[in-house]
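Contents: one structure, followed by commentary.
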Amino acid sequence: MSATVSPGSRRRRNWSWLRGTAIALVTLVFALPIVWMFAAAFKTNVQVTDPSVGLWFSPTLENFRGIVEDGQILRSMGNSLMIGLISTVLSAVIAVPAAWAVGRFQMHRTGSLILVARIVPAISLLVPWYYLFAQMGLVGSYTVLILSHMFVSVPLIMWIMISFFAGLPVELEEAARTDGLSAFGAFWRISLPLAAPGTATASLLAFVFSWNNFMFALVFADDSTQTVPVALFNFISYASTDWGGLMAAATLITVPVVLAAVVGQKYLVAGLTSGASKG
């Protein structure tokens, strides 16, 4: 005697199948360029430009050997890592307490100004910035790159963190104030630890922005301070493109961001879900 399947169970089964298919298709669309990049890093330039060569080929390490021996990509990765870490830490030091003040004391006008600063196109500021930094003798230095990245990172971190602090129960800070803590002490010992997932999420996003930023480094950096996006651009010339070296370099510079995402995955997921529930 066969069991009958209810219409509700059938609908749930069909919806589950459709959802799984949609997830698989989206994953394939996003993963395919990464797989192609990784495979092309082990191909010669002829194989990269040959449509008949798919994923079955004889791999070579010449592309990686060439960029390591040249050393420019490794120096640029060091520059990007240093600039990204310093700009992210300084931005968090400035933005997190400011976000607490805006969220806790309902500074709506200040929040609107932060949003304006967040949506202003940074390219519109490159000319006045270049003039000012050139007058100060900072063009080509690490300082100008850190400051330019902070212009975007500070509003980004602050805008993300405002909702976290606004969603924390004010009674916790009031209890801490009753026990003798100052306003900043309540923030430091109560609110900041509770907002750790949000701080990790915002800092990771700010670091990824700094690592991937091309425009600021192209304008303000020189040969000794250039970052990885500019170093990748050097593989493209007027006459030809070193596709194998470009893909090998792109594979190398993807590793730190992937590692940061894997290490901070717990905080990233917690921060995103917490921000969604507290918005």
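What follows is calculated from the coordinates using simple rules that are stated; it is not laboratory data. What you see is a predicted model, and the numbers here were worked out from it, not measured in a lab. Positions of Cβ are generated from backbone atoms using ideal geometry, with glycine treated the same way; all protein chains shown enter the neighbour counts.
Can you say whether GLY185 is assigned to a loop (DSSP other than H, G, I, E, B) and without any contact (Cβ under 8 Å) to a residue 60 or more places away in the chain, as far as the supplied structure shows? Criteria not met by GLY185.
No other residue among MET161, MET82 is in contact with a Gly (Cβ under 6 Å, 6 or more places away or on another chain) and under 24 Å from VAL263 (Cα atoms) apart from MET161.
Kindly check whether there is at least one residue in region 44-54 that is of a type in the set (D, E, K, R), more than 19 Å from ALA250 (Cβ to Cβ) and in a helix (DSSP H, G or I). Give the derivation first.
Of all residues in region 44-54, those of a type in the set (D, E, K, R) come to 50.
If we keep only those that are more than 19 Å from ALA250 (Cβ to Cβ) too, we end up with 50.
Filter once more, keeping what is in a helix (DSSP H, G or I): none.
Within region 44-54, not a single residue is of a type in the set (D, E, K, R), more than 19 Å from ALA250 (Cβ to Cβ) and in a helix (DSSP H, G or I).
Determine, yes or no, whether ILE190 is in contact with an Asp or Glu (Cβ under 7 Å, 6 or more places away or on another chain), more than 17 Å from THR88 (Cβ to Cβ), part of a helix (DSSP H, G or I) and not basic (Lys, Arg). The answer is yes for ILE190. The residues on offer are ILE114, ILE73, and the sole one that is of a type in the set (Val, Ile, Thr), in a helix (DSSP H, G or I) and closer than 18 Å to ALA217 by Cβ is ILE73. For region 188-209, filtered to residues that are free of Cβ contacts under 8 Å to residues at least 60 places away in the same chain and of a type outside the set (Val, Ile, Thr), the residue that is surrounded by the most Cβ atoms within 10 Å (Cβ to Cβ) is LEU205.
Residues ALA24, ALA101, ALA39: which one is among the small types (Gly, Ala, Ser), closer than 18 Å to LEU246 by Cβ, more than 21 Å from the chain's Cα centre (by Cα) and not in a loop (DSSP other than H, G, I, E, B)? Outline the logic, then answer.
Working: ALA24 fails: closer than 18 Å to LEU246 by Cβ; ALA101 fails: closer than 18 Å to LEU246 by Cβ.
On inspection, the qualifying residue turns out to be ALA39.
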